[in-house]
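Data block below; observations after.
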Amino acid sequence: MQPTQKGPDPQRGSNPKERPEPIIELRNVRKIYKMGSTEVRALDGVSVSVYPNEYVAIMGPSGSGKSTMMNIIGCLDVPTSGTYALNGLEASEMNDDELAAVRNQEIGFIFQTFNLLPRVNCIQNVELPLIYSGLARKKRRAIAEASLEKVGLSDRMDHKPNELSGGERQRVAIARALVNDPSILLADEPTGNLDTKTGEEILDLFEQLYARGNTLLVVTHEEYIARHARRIIRLRDGMIESDEMVDRPVLDAKIQDLRG
Ligand code: ADP
Ligand code: MG
C-alpha cells in the first residue's frame, strides 16, 4: 500500500498558480446526530479537495460516513460544522433556490437502488429533471432520448423499469443523472445491486464520462471497483483514514496489457 498523501494533490503542478481551483472543497466538516443522550459522529472533521475531472472512489466500512459525505457534497444535507464550497461558492451561503439549481444543474446522482419512478417509462424517468427547465416538451423529449442513447438504451425508451434488467435500470438512472449535463457525478454504491458483468458495463460508462471531462465520485465496498478510479479516499469512523492516487488503475492496466 502507498503511504497516505496529505495536502495538495501531488499530481498537480507544484506552482500554485498552475493548480486549478477545487470543484469540491470540504473543510473540517462534522455531521453529528444527537440520538437521545448519545451522539453519532457520522463525519468527524473531514477536509478534502477534489479538482475538476478527478475520478475518486470513496471506500470504508458500513457506517463510516460515506453516504453522509456524498449527501453533503450533493447539497442534500448540511454539515453540523465546518464548510463546504462547490465551485468556490459556500453552500451555506446559498439560498434554497440556488441550492435547488445546483442539485439540478451541476450534480447528477446515482443510487444503489436506482430510484426510478416505477409507473412511468424510461423516457419519462429521464425527462424528470428537465421539467423545471422551461424547455418545450418536444425539446425535453429529444434531450432525454439523446441521454438514453448515450447509455446504449435507444431500444428501451418506452419500457417501464420493471421491464428492464438491473443493469438497464441503472443505465436509465445514469441517463437521468446526465440529462442536465452536470459536471459532477455522485454515485453511492452504484454497482451494489448488480452482478459483476453488469457492474463492468456501468464502470465502462463511468470511464467514458471521465474521458469527457466529468468529475466522478463513486462510493464502493469493492477494491476492484475502486481501482477503476484514479484516487481512493478511505473513511473510518467519520474520518479520512487515507487518500491515495491509484498507481495502476484497472482500465489503464487493461489498455497497457492490450498493447503488450
Ligand atoms: P455509510 O454510508 O458509510 O455506511 P452513513 O454515512 O450512512 O455511513 O452513516 C454514518 C453514521 O451516521 C452511521 O453510524 C449511521 O448510523 C449514522 N447516521 C446516518 N444518518 C443518520 C440519521 N439520519 N440519524 C442518525 N444517525 C444517522
Ligand atoms: Mg452508505
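The values are calculated or read from the model by the stated rules, or taken from the named source; none is laboratory data. Computed from a prediction, not measured in an experiment: that's the story for all the values here. Quick reminder, even Gly has a Cβ in these numbers, built from the backbone with ideal geometry, and neighbours come from all protein chains shown.
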Anything in the stretch 172-188 that is away from ligand 2 (no atom under 16 Å from the Cβ) and either assigned to a strand (DSSP E or B) or not aliphatic (A, V, I, L, M) (or both)? List them, or say none.
Arg176, Asn180, Asp181, Pro182, Ser183, Ile184, Leu185
Scan of the stretch 62-89 for residues that are of a type outside the set (A, V, I, L, M, F, W, C), more than 16 Å from ligand 2 (Cβ to nearest atom) and over 19 Å from Pro52 (Cβ atoms), ordered by number
Pro79, Thr80, Ser81, Gly82, Thr83
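Here is a yes/no grid of residues against (1) more than 29 Å from Gly60 (Cβ to Cβ); (2) at pLDDT 95 or above:
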| site | (1), (2) |
| --- | --- |
| Gly82 | no, yes |
| Ala91 | no, yes |
| Asn104 | no, no |
| Asn121 | yes, yes |
| Leu135 | yes, no |
| Leu178 | no, no |
| Asp181 | yes, no |
| Ile184 | no, yes |
| Thr191 | no, no |
Output for the stretch 66-81, where each listed residue is surrounded by 14 or more Cβ atoms within 10 Å (Cβ to Cβ) and more than 15 Å from ligand 1 (Cβ to nearest atom)
Cys75
What do you reckon, is Thr113 touching a Lys or Arg at 6+ places or on another chain (Cβ under 6 Å), of a type in the set (Ser, Thr, Tyr) and within 16 Å of ligand 1 (Cβ to nearest atom)?
no
Candidate set: the stretch 30-45, residues that are among the hydroxyl-bearing types (Ser, Thr, Tyr) and more than 7 Å from ligand 1 (Cβ to nearest atom); chosen: the one farthest from Ile110 (Cα to Cα)
Ser37
Just to verify a result, which residue in the stretch 200-219, among those that are polar (S, T, N, Q) and modelled with pLDDT of 95 or more, is nearest to Ser64 (Cα to Cα)?
Thr215
Any idea which residue in the stretch 98-135 is surrounded by the fewest Cβ atoms within 10 Å (Cβ to Cβ), counting only those that are of a type in the set (Gly, Ala, Ser) and not in a helix (DSSP H, G or I)?
Gly134
Ser92 vs (1) among the hydroxyl-bearing types (Ser, Thr, Tyr); (2) outside any strand (DSSP E or B); (3) within 16 Å of ligand 2 (Cβ to nearest atom): all pass except (3)
Condition broken by Arg140, with the remaining ones in (1) outside any helix (DSSP H, G or I); (2) farther than 25 Å from Ser62 by Cα satisfied:
(1)
Name the residue that is nearest to the chain's Cα centre (by Cα), counting only residues in the stretch 176-216 that are among the hydroxyl-bearing types (Ser, Thr, Tyr) and closer than 18 Å to Leu86 by Cα.
Thr215
Given (1) at pLDDT 95 or above; (2) more than 19 Å from the chain's Cα centre (by Cα); (3) on the phi > 0 side of the Ramachandran plot, identify the lone condition not met by Gly238.
(2)
Using the structure shown, decide if Gly13 is away from ligand 1 (no atom under 16 Å from the Cβ) and either modelled with pLDDT under 95 or in a strand (DSSP E or B) (or both).
yes
Restricted to the stretch 46-65 and to residues being assigned to a loop (DSSP other than H, G, I, E, B) and within 13 Å of ligand 1 (Cβ to nearest atom), the residue surrounded by the fewest Cβ atoms within 10 Å (Cβ to Cβ) is Ser62
Taking the conditions exactly as written (β-branched (Val, Ile, Thr) and surrounded by 18 or more Cβ atoms within 10 Å (Cβ to Cβ)), does Val151 satisfy them or not?
yes
In the stretch 200-242, what count of residues is obtained for those that are part of a strand (DSSP E or B) and surrounded by fewer than 19 Cβ atoms within 10 Å (Cβ to Cβ)?
4
